[in-house]
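Presented below is the structure to which this report refers.
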Amino acid sequence: MTGSSEAARSIDEAAVSAVQRRLARHASPPWLHAEVAGRMAERLLLFKTPPRRMVDWCSFLGAGAQRLTTTFPNSALIAIEPSDILAERSRALLRSPWWTPRRWKAPAAEVALESAPPPENVQLVWANMVLHGVTAPPSLMQHWHRMLSPGGFAMFSCLGPDTVRELTAVYARLQWPEPTIAFVDMHDLGDMLVHAGFADPVMDQERLSVHWDSAAALCRDLRLLGSNVSPHRYPGLRTPRWQTALHGALESLRDNSGRYALTFEIVYGHAFKAERRASAPAETQVPLGEMRRLLQSARKTVV
C-alpha cells in the first residue's frame, strides 16, 4: 500500500456513512480508536494554558471526549457528529450524572451536527482517527482553521500507508482487490496543513503490531474497526467458500509466536493558527499637488 496525494484519494462516501451508522449501534467505540485516543491525549501536555472552548470532531467514534474533559475540566466541549444517531450517542455519553462535580461546576457540553453552522473562537480542535476516512482532507483542515481563534491548535490522528500492509500483500498475491482505501502519507498531511493556513505543523507516526489467536478473531476485529470503503472493493457479499479461502491465506500472517499479526501505522499531527498580523495597504496614493508641495518644502529645507 502506498501513500496517496489528495488528487488520488478515492473513497465511497455512502459506504463511510453506512459504517458509521453500524458502529454507532455498538456499545463502545472501536478498540483501536480508544487506544490511540489515550496516546494522543499525552500530547495535550503541549497546552500551557487550557482552552476555553474545544471541539471534538466525530466525537463518539473518536473515543476521546472523556479524556478531553478530564484533562481540561473547566473547558467547554463541543462534540461535532456527522449524523443524528452519532449525535445521540454523544449526548448520552456527555450527560454528567447529577452527583458529579462537573455537572455543577463545568460548562455544559454541546453536541452539534457537521451540517450546522460551525462554532467560532475555539482554542482546540481534536480529531481522533477520523481524517483517513475523509475524501478531501484539505477542505476539512480549512474548516477547522476557520473555527479556531488565533493561537489555537488543531490535533489529529489517523491511519497511515503501512496499515495492514501484511493483509494487503495477501490480497495482492491472490489477485483480489485491495482490502482498504489508500491512506495518506504523513508528509502529505503536513503539506495540507500548511496549505490550509496552519503554521508550524508537527507530524510523527508509530507502528502498532496487533496479534490474534485465530483468523476468525482477526476478521471479526477488523470489522469492528470499520469496513473496506474503497469504490474498487468486491461489489457484492462474499460466499462462505471465499471466507474459507481467506482464512487459509491468512496463515501466512503467523509470526514466531504462532499468532496472526498485523501492523497499524498511526499518524499524529498538530499545528496552530498564527496570530493575526496588521495588514499594510496594498499601495499609498498621494495627489500630484500634494507631492509638489512636499518637494518644494523639501527644497526650502535644504536651502
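Listing for the model above:
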quantity	calculated
Given (1) in contact with a Gly (Cβ under 7 Å, 6 or more places away or on another chain); (2) assigned to a helix (DSSP H, G or I); (3) not hydroxyl-bearing (S, T, Y), index of the condition L224 fails	(1)
Complete set of residues in region 130-175 that are surrounded by fewer than 17 Cβ atoms within 10 Å (Cβ to Cβ) and in contact with a Cys (Cβ under 8 Å, 6 or more places away or on another chain)	none
Condition check for R52: of a type in the set (K, R), over 17 Å from P137 (Cβ atoms), modelled with pLDDT of 95 or more and over 18 Å from the mean Cα position of the chain (by Cα)	yes
Among the residues listed as G197, G236, G226, the single one being at pLDDT below 95 and surrounded by 13 or more Cβ atoms within 10 Å (Cβ to Cβ)	G226
Counted residues, region 207-218 - those being surrounded by fewer than 17 Cβ atoms within 10 Å (Cβ to Cβ) and part of a helix (DSSP H, G or I)	2
Residue in region 145-164 that is farther than 26 Å from T49 by Cα, over 16 Å from the mean Cα position of the chain (by Cα) and in contact (Cβ under 8 Å) with a residue 40 or more places away in the chain present	yes
Residues located in region 89-100, provided they are outside any loop (DSSP other than H, G, I, E, B) and more than 20 Å from W31 (Cα to Cα)	R91
Of all residues making up region 239-269, the number that are part of a strand (DSSP E or B) and either at pLDDT below 95 or of a type in the set (S, T, N, Q) (or both)	1
Flag if A249 is farther than 28 Å from R21 by Cα, touching a residue at least 24 places away in the same chain (Cβ under 8 Å), surrounded by 13 or more Cβ atoms within 10 Å (Cβ to Cβ) and touching a strand residue (DSSP E or B) at 6+ places or on another chain (Cβ under 8 Å)	no
Unique match (being surrounded by fewer than 21 Cβ atoms within 10 Å (Cβ to Cβ), among the aliphatic types (A, V, I, L, M), under 19 Å from the mean Cα position of the chain (by Cα) and at pLDDT 95 or above) among A24, A37	A24
Residue match in region 151-158 (condition: in a helix (DSSP H, G or I), of a type in the set (G, A, S) and touching a helix residue (DSSP H, G or I) at 6+ places or on another chain (Cβ under 9 Å))	no
Restricting region 121-143 to residues that are small (G, A, S) and not in a helix (DSSP H, G or I), the residue that is nearest to the chain's Cα centre (by Cα)	A127
Check on R293, basic (K, R), under 30 Å from M186 (Cβ atoms) and either modelled with pLDDT under 95 or in a loop (DSSP other than H, G, I, E, B) (or both)	no
Residues of region 123-137 classified as under 18 Å from Q66 (Cα atoms) and of a type in the set (A, V, I, L, M), total	5
Selected residue (only one of S227, S252 is within 30 Å of A127 (Cβ to Cβ) and small (G, A, S))	S227
Positions within region 173-206 being part of a helix (DSSP H, G or I) and more than 17 Å from the chain's Cα centre (by Cα), in sequence order	R173
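The values are calculated or read from the model by the stated rules, or taken from the named source; none is laboratory data. Bear in mind that the values here come from a model prediction, so they are computed numbers and not experimental data. Virtual Cβ from ideal backbone geometry, glycine too; neighbours counted across all protein chains shown.
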